[in-house]
Amino acid sequence: MSITSNIARLGVPTAIGLLFLSACSSKPDVSDPASTREASLYAQGDTISVNGLLVDTRCFAANRQNLGMDHPDPVPTSQTGPACARYCALQGFPVGVAVDGPEGPVWILLSSPQVLADYMEQTVRVRGVVRSEGVLTPQRVEMQTEDGSWTFIL
Amino acid sequence: MKRIASLMLATIFVFAGTIFPASPEKITVTGTLVDTKCYGMMAKANFGNTHKLPGADGKMMDVPNCATACAGMGIPTGIVEGGEVGNKTYVIIASASALKDHMAKEARVTGELVFEGGIIASKIEVKEDGEWIDVTPGAMM
């Protein structure tokens, strides 16, 4: 068997693989990002209620394991020690509600993150107005207490 | 043997795309910086730095530098794509107070679209005197 035929035999499946790979990792055209968005599930102006964990969107976006108060992989690399989520909220990074854990959707809250800094990592129930998909202006934020009841925090 | 090897190679390529998840979409948005809270309530009236809000008597009144004040209080900053009221607005995942002096300016935000409607900004520029000035907050990374 010649080298040429070996290359040819290896080349065909490799090319097929590369085609699949490029298809799997292809990205939409970012020159027109609005055109790549799917239609919103929620209409702007809808009032909805979402439950989930209060997260710092900066660290959580970088690594979805940064779900609690202390982050295993903090984004501001200078930030060491506990209470990273509180630190980020106090710095002004927007706060969000992670629904259904690390892989679920996130609702960014259009409110002062500093006000919510002490409640990071808590289970919250937020009632608010949808500004766009994934963005909510909160009207009422409640935290779940240890006995399962809800207490008003904003 | 060689056929098995080639099949294995092809399989690796096929599954590589699913083993390593696609990284967040990189994006550059050019538009106008807004205070997301006031803009969300009354987009047309609250597109600039002076906003219209109801006064004590219920009548609408002008509030100068309202966007600057809101950003200074930490209300997340957004960028309205294309600088036209009603266009797609992205929330900038950055310290709003660090951008308070640039509200209502033409801006260019480069970053990753991590959540629907939220950009992790790696670079934030505003246009001043026809030139792009880098105003990325220092603690972004």
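The values are calculated or read from the model by the stated rules, or taken from the named source; none is laboratory data. All values derive from a computational prediction rather than experimental measurement. So basically every Cβ, Gly included, is an ideal-geometry build from the backbone, and we count neighbours across all protein chains shown.
Computed values, structure above
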{"read-out": "Elements of type strands (runs of 3 or more DSSP E) in region A:51-154, at least 1 residues being surrounded by fewer than 15 Cβ atoms within 10 Å (Cβ to Cβ)", "value": "A:123-132, A:135-144, A:150-152"}
{"read-out": "Complete set of residues in region B:41-62 that are hydrophobic (A, V, I, L, M, F, W, C) and over 21 Å from residue B:77 (Cβ atoms)", "value": "B:56, B:60, B:61"}
{"read-out": "Qualifying residues in region B:30-54 (those that are out of contact with any helix residue (DSSP H, G or I) (no Cβ under 8 Å at 6 or more places or on another chain) and among the charged types (D, E, K, R)) - the one nearest to residue B:66 (Cα to Cα)", "value": "B:52"}
{"read-out": "Lone unmet requirement of (1) among the polar types (S, T, N, Q); (2) surrounded by fewer than 24 Cβ atoms within 10 Å (Cβ to Cβ); (3) under 24 Å from residue B:27 (Cβ atoms) for residue B:49", "value": "(3)"}
{"read-out": "Residue that is nearest to residue B:24 (Cα to Cα), among those in region B:100-131 that are surrounded by 24 or more Cβ atoms within 10 Å (Cβ to Cβ) and at pLDDT 95 or above", "value": "B:109"}
{"read-out": "Count of residues meeting criterion [more than 20 Å from residue B:116 (Cβ to Cβ) and out of contact with any Gly (no Cβ under 8 Å at 6 or more places or on another chain)] in region A:109-140", "value": "7"}
{"read-out": "Conditions (1) closer than 23 Å to residue A:136 by Cβ; (2) under 15 Å from the mean Cα position of the chain (by Cα); number of the one not met by residue B:82", "value": "(1)"}
{"read-out": "The listed residue being part of a strand (DSSP E or B) and either touching a Gly at 6+ places or on another chain (Cβ under 9 Å) or not aromatic (Phe, Trp, Tyr) (or both), out of B:62, B:101, B:57", "value": "B:62"}
{"read-out": "Only listed residue being under 12 Å from the mean Cα position of the chain (by Cα) and outside any loop (DSSP other than H, G, I, E, B), chosen from B:68, B:110", "value": "B:110"}
